[in-house]
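Working notes for the structure below.
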Amino acid sequence: MSLTFWNNCNLATMRAGAVMPYGLIPDGALVVEGQTLRWVGPRTEVPADLLERCTTQHDAGGALITPGLIDCHTHLVYGGDRAHEFEMRLQGASYEDIAAQGGGIASTLLATRNARAEELKAQSSVRLQQLLKEGVTTLEIKSGYGLSLMDEGKMLEVARDLGQEHRVSVRTTFLGAHAVPASFAGRADAYIDEVVGMLRELHREGLVDAVDAFCERIAFSPAQVARVFEAASALNLPVKLHAEQLSDSGGAALAASFGALSCDHLEWLSEEGAVAMAQAGSVAVLLPGAFYFLRETRLPPIELLRRLNVPIAVSTDCNPGSSPCTSLLLMLNMACTLFRLTPEEALVGVTRHAAQALGLADRGVLATGHRADFVLWNVKHPAQLSYALGANPCREVVFEGQVR
Ligand code: DI6
Ligand code: FE
């Protein structure tokens, strides 16, 4: 197979345990074979036999190259919008009040059910393209605005189709336990039976890569989530959880007991929950867009996560209610300004640790044998990616070895 050579660039490899911050390699080079990185290192050290076999050469023009960005927690597929609820919140209503009055997730549920698959795809594709413009090469998309077999299936199929129709890798997550639909009001346990049935069927149709739930006073109890996770485990599907976003329900410890890939949000995470996550190897996915948009004041326990060596990822949480955000670069900045991550931690959070949060060992770093998904940026230093607000220095994206 012919090889492609990329040079005249600085590499932020993001490799674990690298001596240089960001795994930086100044004046680096990449050799790509098909969809895979064949060699990564300083330009002067490229093996001559590989160089000879390179039939295409790319001058990166001094760009900084990072791994393709990974958005590991999104609800990108949904119908309608919730600008009106934004207005209500600005007049004093809380997110939880609006949910209790039948708005919130329930209103997006209606708009999503009422949209035909083609409409849903068209609306979602606009958001996807905004993420792609900023160098996203892998993203997770959750269901959770259908809450019936047919509508959850429609969402997951749309998510899969988006991955086929755009040059991006999509991972689908079943979030049937996102809210109790009105038809099951007061019968959450009966709805959980439904969720388990939906999960088995959607898994059989090959639509599910992982299983999530919303563990919260306004959603599901740990005992209810446990029933969904037992069903997921029986199907060998990995789990993750919306945990400790608005209160401490003990969700993180529960998810960790199922070996969760990640626990997400975590503003109210307790020490006990964090210890359980550390022992299980679960990633802490921080969602500064939701924190900002809901004007939360309680910070996730960053120092505790650092002390326990819990890997931290950062994501958009792209959704119509709590984070209508399609900029992962903005999340880098907010992770630093709001949560006090370092720019290096933030960038690890949308590359290596985001890959880990999705259970994907073949991406998130620039290293031999990994996928050739990478981004050329018009910046000198990786800290600039977290620093600038509203800039998009993305010059070019390479997906599966080919310029996108
Ligand atoms: N937590 C969130 O922030 C989103 N879902 C969840 O479980 C918000 C969903 C929405 O408000 O539509
Ligand atoms: Fe979410």
For this session: Output ³J(HN,Hα) for the stretch 395-402: one whole-Hz value per residue in order, computed from phi by the Karplus curve 6.51 cos²θ - 1.76 cosθ + 1.60 with θ = phi - 60°, and x for Gly and Pro.
Result: 8, 7, 10, 10, 10, 6, x, 10
Exercise. Quick one: of the DSSP bridges fully inside the chain, what percent are antiparallel, nearest 5?
Worked result: 45 percent
Exercise. So, in nm, how far is label A188 from label N8 when the simple model puts each one 7 Å beyond its Cα toward the Cβ?
Worked result: 6.0 nm
For this session: Indicate the gyration tensor shape class of the stretch 102-244 (rounded, prolate or oblate), computed on the Cα atoms with a ≥ b ≥ c the square roots of the eigenvalues: a/c under 1.5 is rounded; otherwise a/b larger than b/c is prolate and the rest oblate.
Result: prolate
Exercise. Cα-based Rg of the stretch 322-364 per 2.2 N^0.38 Å, rounded to two decimals?
Worked result: 1.21
Seminar exercise, completed: Full extension between Q57 and I218 adds, at 0.36 nm per residue less the Cα distance, a length in nm of 52.4 nm
Exercise. Under the rule of -39500 (n - 2.57) per DSSP H run of 4 or more residues, summed and divided by the residues of the chain, what mean residue ellipticity at 222 nm is obtained, to the nearest 500 deg cm²/dmol?
Worked result: -10500 deg cm²/dmol
Seminar exercise, completed: Under the 7 Å Cα-to-Cβ spin-label approximation, F86 and R200 lie apart by a distance in nanometres of 4.2 nm
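Based only on Cα atoms, what Rg/Rh ratio does the chain have, Rh being taken as Kirkwood's radius? The partial results should precede the final answer.
Details: Rg = 20.9 Å, Rh = 21.4 Å.
Expressed as Rg/Rh, it is 0.98.
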Exercise. A290: net charge of surrounding residues, Cβ under 10 Å, Lys/Arg +1, Asp/Glu -1, itself excluded?
Worked result: -4
Seminar exercise, completed: Gyration tensor on Cα atoms of the stretch 260-381, a ≥ b ≥ c root eigenvalues, a/c under 1.5 rounded, else prolate if a/b beats b/c, else oblate, says oblate
For this session: Give me D for the stretch 105-167 in µm² s⁻¹, whole number, from Stokes-Einstein with Rh from the Kirkwood sum over alpha-carbon pairs, 4 °C and 1.567 mPa s.
Result: 107 µm²/s
Exercise. Counting other Cβ atoms within 10 Å, which trypsin sites (Lys or Arg not before Pro) in the stretch 199-265 have at most 13 and lie in a DSSP loop?
Worked result: R217
Seminar exercise, completed: Contact order relative to length for the stretch 120-172, counting C-alpha pairs under 8 Å separated by 6 or more residues, stands in percent at 42 percent
For this session: Sticking with the crude label model, points 7 Å out along Cα→Cβ, report the distance from L235 to L308 in nm, one decimal please.
Result: 2.9 nm
Exercise. Given H placed on each backbone N at 1.01 Å, which residues far from S262 in sequence or on other chains put an amide H within less than 5 Å of it?
Worked result: L241, V283
For this session: Be a star and scan the stretch 292-321 for residues whose amide nitrogen sits under 19 Å from the point 7 Å along the Cα-to-Cβ vector of T337.
Result: 292-300, 314-318
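Kirkwood-based Rg over Rh for the stretch 204-343 (C-alpha set), two decimals?
So for the stretch 204-343, dividing Rg by the Kirkwood Rh gives 0.96.
Read-outs: derived from the displayed coordinates by stated rules, not from any lab. This is a predicted model, so every value here is computed, not measured. Methodologically, a virtual Cβ is constructed for each residue, glycine included, from the backbone with ideal geometry; neighbour enumeration extends over all protein chains shown.
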